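*Asks:* Quick one: this structure, given as structure tokens, is what I'll be asking you about.
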Amino acid sequence: MNQNQDQWKTRIGFMLAAMGSAVGLGNIWRFPYVTGELGGATFLMVYLAFVFLIGIPLLLNEFSIGKAGQKDAVGSFKNLAPNTKWHWTGFMGVVGGILILSFYSVVAGWSLFYLYKYITGAYWTEPDAGFGAVFGEWIANPLYPLLWQALFLGLTLFIVIRGIKGGIEKANVILMPGLALLMIFMAGYVLTLDGAVEGLKFLFQPDWSQLSNPKLYLTALGQAFFSLSIGVSGMLTYASYLKSKDRLPAAAIGVGVMDTIFAVIAGIMIFPAVFSFGLEVGSGPPLVFITLPTIFASMPMGNIVGVVFFVLLAMAALSSAVSLLELPVSFFKRTVGMSRKAATYLCTIIIFVLGIASSLGFGIWSGVTFGDQNILGMIDYVTANFVIPFGALLMAFFVGWYLDKSQARKNSEIQSSAMFNIWYVIIKYIVPIILILIVVANLFNMTV
Ligand code: PFF
């Protein structure tokens, strides 16, 4: 295979792929339900502050390591810091990426199944038992959800095995603009429903008393990082396939802003609908699988809206899953020395096998719980609130404290000295302080 095959063809191709990684189940499934559980607008304000104050600077930080390292998560650290232990940061990312995709593919599998049900018309009207019971029974089945999860991972493999230019870039050039169009259509439609204003109030009118809830901060931070795909080196890996002249700061801002717009549009699409049908906003992970179908069944043109929504969810999940799979594949290919084909099959199999546990946690293994979390909830909680922030923290330390300031500046590709200084202070001091405070406060909170 020629060497350039593993490089982005165009800068916009890289941008779309990075946006594809960022925009995913995190925006459309996770963001609405955590926002619903944690008080709406107040959560949104804290979330936005985290995205802009530390999320986007950290995204640039991660891009800068990958672009300068020119290798996978582990290899890039080895290139930039030979004979040190820094590459363990990348290794932790590879493990984190595998864990995230193991449960991500379970939820993505549910989305594909719903899409099928909408296309065949089966969910156009509410089943007699109600969507809640039907969903609960289906996810508890020991076999069917696994088949849909396998199908989803098969699609992911199909793209990743074709490489950067021929697979990942091509897929994202189609998926991302398609996704944007569908979401705008959906949000526009939902806003015409009676009662939409209540939903908008919930999303945009803060209740400041919520600010004293410490869980709000950890969750907002975890959500911001998860949504921007930072901390596990997925974005580092994507940036390593860039050619020499690319404006990283513009890319980081573009991806961060787009990701946030998608999350807010998902909120605009979901909360007005939930309120106009008088349903529960804090229903947690099932929000998009139970609450929304209930709404679609009684809304004018709900069948079409249902098809569009689940196409959208599946597309968003796929473009993110592709980046989560590329992360370990790139490690096995470039640092371990396997072929892309073998690495892709190997990683997909590992991820599927691990994912079986998350899926069975809704059925025959539902007795395995940690606090009030089942297996999927636990892996999601640990990766989003600990592995990801810890990875992001290590990368901030790496650039802020290990690399020379001049090297950090060159790698960041920030032109203006003033902007560079602001960014550098954020990476060197502000990020470590905020992350340590939040993670420690929550460790403490968990034990008391
Ligand atoms: N950002 C993705 C989402 O919001 O769904 C999830 C994700 C993808 C996290 C890639 C981490 C990653 F490396």
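*Asks:* Please pull out the direction-averaged projected area of segment 197-317, using the convex hull of its alpha-carbon atoms, in nm² to one decimal place.
*Replies:* 9.8 nm²
*Asks:* Rg (Å, one decimal) plus Dmax (Å, integer) for the alpha carbons of the chain?
*Replies:* Expressed in Å, the Cα Rg and Dmax of the chain come to 21.0, 66.
*Asks:* Can you work out the Karplus-derived ³J(HN,Hα) for every residue in segment 420-437? Use 6.51 cos²θ - 1.76 cosθ + 1.60 with θ = phi - 60°, whole Hz, and x for glycine or proline.
*Replies:* So the Karplus estimates, Gly and Pro as x, are 4, 4, 4, 4, 5, 5, 4, 5, 6, 10, 5, 4, x, 5, 5, 5, 5, 4 Hz.
*Asks:* Please report the orientation-averaged projected area of segment 53-118, defined via the convex hull of its C-alpha atoms, in nm².
*Replies:* The orientation-averaged projected area of the Cα hull of segment 53-118 comes to 6.3 nm².
*Asks:* While we're looking at this one, here's another question. Cα-Cα over 32 Å: which of LYS215/LYS410; LYS170/LYS410; LYS170/LYS428?
*Replies:* The answer is LYS215/LYS410; LYS170/LYS428.
*Asks:* Can you give me the convex hull volume of the Cα atoms of segment 11-140, divided per residue and expressed in Å³?
*Replies:* In segment 11-140, the Cα hull volume divided by residue count equals 167 Å³.
*Asks:* Let me ask something else. Report the full-extension gain for the segment ASN141 to TRP208: residue separation times 0.36 nm, less the Cα-Cα distance, to one decimal in nm.
*Replies:* This chain segment gains 19.9 nm when fully extended.
*Asks:* Kindly provide the helix-only [θ] at 222 nm of the chain, computed as the sum of -39,500 (n - 2.57) over DSSP H runs of four or more divided by all residues, to the nearest 500 deg cm²/dmol?
*Replies:* Computed ellipticity for the chain at 222 nm equals -22000 deg cm²/dmol.
*Asks:* Using θ = phi - 60° and the Karplus relation 6.51 cos²θ - 1.76 cosθ + 1.60, list the HN-Hα couplings for segment 301-307 in order, rounded to whole Hz, with x at every Gly or Pro.
*Replies:* Values, residue by residue: 6, x, 5, 5, 4, x, 4 Hz.
*Asks:* Reachable aspartates and glutamates from LYS85, Cα under 20 Å, same-chain residues fewer than 8 places away excluded?
*Replies:* Qualifying aspartates and glutamates at Cα under 20 Å: GLU62, ASP72, ASP404.
*Asks:* From the phi angles alone, apply the Karplus equation (6.51, -1.76, 1.60; θ = phi - 60°) to segment 231-248 and give each ³J(HN,Hα) in whole Hz, x where the residue is Gly or Pro.
*Replies:* x, 10, 6, x, 6, 4, 4, 4, 5, 5, 8, 7, 7, 4, 9, 9, 8, 4
*Asks:* Report the dimensions of segment 293-448 along its three principal axes from the alpha-carbon atoms, largest first, rounded to Å.
*Replies:* In descending order, the Cα extents are 57, 49, 39 Å.
*Asks:* Treat the count of other C-beta atoms within 10 Å as a stand-in for reagent exposure and order GLU137, GLU413, GLU169 from fewest to most.
*Replies:* Exposure proxy ranking, most exposed first: GLU137, GLU413, GLU169.
Only the coordinates and a few stated rules stand behind these numbers; no lab work does. All values reported here derive from a predicted model rather than from experimental measurement. Every residue, glycine as well, gets a Cβ built from its backbone with ideal geometry; the counts of neighbours run over all protein chains shown.
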